[in-house]
Structures are given as C-alpha cells and as structure tokens.
Amino acid sequence: MSDTAHTGPSSDDSDELARRIAGLMPRAREDLAELVAIPSVADPRQYPPEKCRQAAEWVAAAFTEAGLRDVHLEETPDGSHAVIGHRPPPPGAPTVLLYSHYDVQPPLDEAAWDSPPFELTERDGRWYGRGAADCKGNIVMQLTALRALDGDVPVGLKLVVEGSEEQGTGGLERYLPPHAGELHADALLICDTGNAAVGVPTATTSLRGVTDVVVAVRALAGDLHSGMFGGPAPDALAALIRMLDSLRDADGGTRIDGLDHGGTWSGVGYDESAFRTDAGVLDGVRLTGSGTVADRLWARPSVTVLGIDCPPVVGSAAAVPATARARVSLRVPPGTGARAAQDALVAHLEAAAPWGVLVNVEREGAGSPFRAATGGPAYAALDRAMREVYGVPVSFLGQGGSIPLCDVLATTYPDAEIILMGVEEPRCLIHAPNESVDPDEIAHMAHVGALFLRHFADSGRR
C-alpha cells in the first residue's frame, strides 16, 4: 500500500480506473448479493439483532481487505453497532470521511415483491433486493472505488458505517460528539443519496428534517353497539380522521398552524411529468399541493400519515370505536427547526380535536434539516470527477428525505465540506417493494469516488 504523494490523475489514469472498475463489477455483484441476503433490519421486534451484527462484521471485513486499518465495531447509545476504521494520510494530504449505513428498511408486504426481497435478483439490467440501493449499494460502490485504486490512495480515510439509520433512533448522532476527534476529516462523503436520474451526476445540497408523533384519541369507556348507540356516541376514529384531515388544505398541501408553507426552491427543478413517472402516480390522479414540484419537495413542509391503529376491515364488528391512534410524520425544509415544527404539529392536532375527545400526543425523534455550502475545494474536486465520468457538470438538487446525522456533522465539524452523493436515483424505489439499483450507477459512481479522492488530494493538499 503506497502512502506517497500523488501528482494528479491524467486522462489515461481515469481510463485505467474505468477498466479496473469494469473488471471489478462481477465482484461487486457478489458482494451486494451477500449483503442483501442479510436481513439487517434494526428492529428487534421484526428481525433478530444478530442479523445486524452479521452485516456489520461483513462490512468490517470487507473494508479491512480494501486497505483500511483498525476496522472494528463500536456500540452506539441506541445499542446498534457502527463500523469504524481509518487509513492515515500521506504527508500534507487531506482526510476524507466515507459514510454509509448497513441497516435497511423492512421489506413491507413481501407479496408485493416480484422476487424475494433478501435475494439479489437481476431483471431488465437492474439488481433487485432490499438495500440494493439504500444503502448497501453505496457500501459496494465505496469498496469498488477503493479496490480500483489498488492501494494508491492519495488521501487519509476515515470510515463510519452505521447500523440504525433507517430506524432513526439516533445511535450515531449521540456517539459522534464525544468521539469527534476519531472521525474528524476535511471532507465528508455521505453516500446515502444519489443522482437526479440515471446518468445525471448530482450532489444533494439540501435535506428536509423530520419529526414524528403518535396521536391517540379516546372518546368512550369501551366500544359500543353501533345500532344502539351510534349517532350521539362520539366515534374516536371519526374524530381522528377529522384531525388528520385538518393537516391539509383542499389541494392536499400541508397546512399546519404556525409553519411557513410558502417556501420556494431556487435550484434545479424537478419536471412534473418525470416526478409522476418516478413516483408511480396513477393516470388521472392529481399531485397534491401547489407551486412547483421542487417547491413542494424541498422547500416546504409535508405531512404523511404513516399508520393508523383501528379495527381492520376483515373481522370488524358493528361497533362505535372507543379509541383510535395514528403515527404522523412531518418533513421540514431548511430554515425550520425540527423541534419547533414538532411543537406546531402537536398544538395543531390538539386544537383540531372535535367533540371534546381526549387526545394524547406522544413525541418521537426529531432530525434537523440541512443545507450544504458548495464553494470549497471538495466540491470543485467532485465537479471535476463527475465531468470526467459523465461528461457534464454536477447538478445540485434538494432531497425530500432526511439524514439527521448531517446536521450533527455540520455542528461538530464546521470547517469540513459535506457532500451527499451515491447510487440512489429515483427508479431505485428505496423504502418500497421492488427496490433496485442500476449496476452502471455503481460503476460510474465508484469511478467518480476514486477520481474525487485523487483530485481532492491535489486541491486540498496542505
């Protein structure tokens, strides 16, 4: 393994990297198949915790083989394990942190999958499986980039691969501040997003924050016969429905008292027809809200009812429900504090309760929004790398999703550049049935990642 200073890549070097990556893609597929086969859902109510441990150990072994040192598992405050490692920088060279996560979303309705969710399956040129893109595809992309460099890594590296990102239980966010020196770097590559579309090089510069609550409604001492008591007896489920409906206006846009709902997005937009295709919106169904798609996705709050506890249709009785409960998620754009947004959501739900029903709102976690600064040498190196691989400059887009860790990183390392990138373009359907990844995106983004390390070594050399 060479720790000598690199003098900067030539076009021949870039072509050689591309050839190496092409040769590594069969191994990338094998790696991804092994990782996808591990159901690393960080929820012991659904999957055994040892599956997450198995995934963490796989990641640690793979990055050790790829040239990192002292790669080990650290338990974080929520009980999950983060994979931590490093590689010292050559003299005068900057250091880059590589981030991803090995835990995945549950597969939801397995009957909705066209192939087993924990078995990597190829169809129509894409690789399908839970975590194929989010975020195991990004782990494989990082490994492929390091293997293509074949030990000639011109920067220092630090590694953190967390194990509970999808559950939002904040293990790494709480682990980080007291271990700030361990993960300090000049540039932080957060590989948990992706391109605007296949072949469109993109860095995500804006993330919405997220906060969740569980609202419970009680109206009666117990369920009542709907024929004998229905009419005057207050229906808890009906009350809950009214409360949830009050969170949206007539167009379906989010309207929560105390929150600004008129934000606009000034960056690259999101074509409405492309969004309809990416989101799988059915013919004849209108989009909700007003303003541009980008406004609604990246500059305004959005509310989603994640689940409702009430009698199921099959097996339901002719009874007035005494209680009902819902889990509500609120995404908030940069400029809005997650805790303040949660306060507004709780106050709105309590005020919207009809008929004097009893309401209890349980607060869950809150992750802050994030906006990146893009004027430093790391972004210049990324743009150069993406131009060489894709032939066009990098685009800056927002992301409706949330990565609470980014705000913690920005606070902990105010001088570091934070770049969000990866393989998760819209067709990946992350978090949904039939999640997939385009293997060409793994190859191209591995090429970008390897070139970035070389270019950043030159522009960031102290």
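The values are calculated or read from the model by the stated rules, or taken from the named source; none is laboratory data. Here the structure is a predicted model, which means the values were calculated and not measured. FYI the Cβ positions are ideal-geometry reconstructions off the backbone, even for glycines, and counts take in every protein chain you see. What goes into the accessible areas is simple: the full protein's heavy atoms, side chains included, and nothing from ligands, DNA or RNA. Shrake-Rupley method; radii C 1.70, N 1.55, O 1.52, S 1.80 Å.
Points worth noting:
- Extending 7 Å from Cα along the Cβ direction at His72 and again at Asp12 yields two label points whose distance is 4.3 nm.
- Cβ-based net charge around Arg300, under 14 Å, with every Lys or Arg adding one and every Asp or Glu removing one: +1
- With every protein chain in place, the chain: carbon and sulfur % of accessible area (1.4 Å): 51 percent
- Comparing Gly163, Leu237, His72 along the charge dipole axis of the chain, the residue lying farthest to the positive side is Leu237, per the Cβ-charge model.
- Relative contact order of the chain, pairs being alpha-carbon contacts under 8 Å that are 6 or more residues apart, as %: 25 percent
- Subtracting the Cα-Cα distance of Leu358 and Asp415 from their residue separation scaled by 0.36 nm leaves 15.7 nm.
- Pairwise centroid distance, computed over Cα atoms, of the range 236-307 with the range 97-143, Å: 27 Å
- Remark: the range 190-320 is approximated by an ellipsoid whose semi-axes, taken from the C-alpha gyration tensor as √(5λ), come to 39, 17, 15 Å, largest first.
- Accessible area per residue for the range 129-243, computed on protein heavy atoms with a 1.4 Å probe, is 29 Å².
- Summed over qualifying helices (DSSP H, 4 residues or more, each -39500 (n - 2.57)) and divided by its residue number, the chain shows a 222 nm mean residue ellipticity of -10000 deg cm²/dmol.
- Extension gain, Arg427 back to Arg276 (0.36 nm per residue minus Cα-Cα distance, nm): 53.2 nm
- With a Förster radius of 22 Å applied to the C-beta separation of Ala347 and Arg286, the computed FRET efficiency comes to 0.15.
- Eigenvalues of the alpha-carbon gyration tensor of the chain, scaled by 5 and square-rooted, set the equivalent ellipsoid semi-axes at 43, 23, 21 angstrom, largest first.
- Among the DSSP helices (H) of the chain, those spanning at least 18 angstrom by Cα along their long axis with an average Kyte-Doolittle hydropathy of 0.0 or more are 136-149, 338-352, 439-459; this is a geometric and hydropathy rule only.
- Potential lengthening of the chain between Ala250 and Arg19 amounts to 77.7 nm, from the contour at 0.36 nm per residue minus the alpha-carbon distance.
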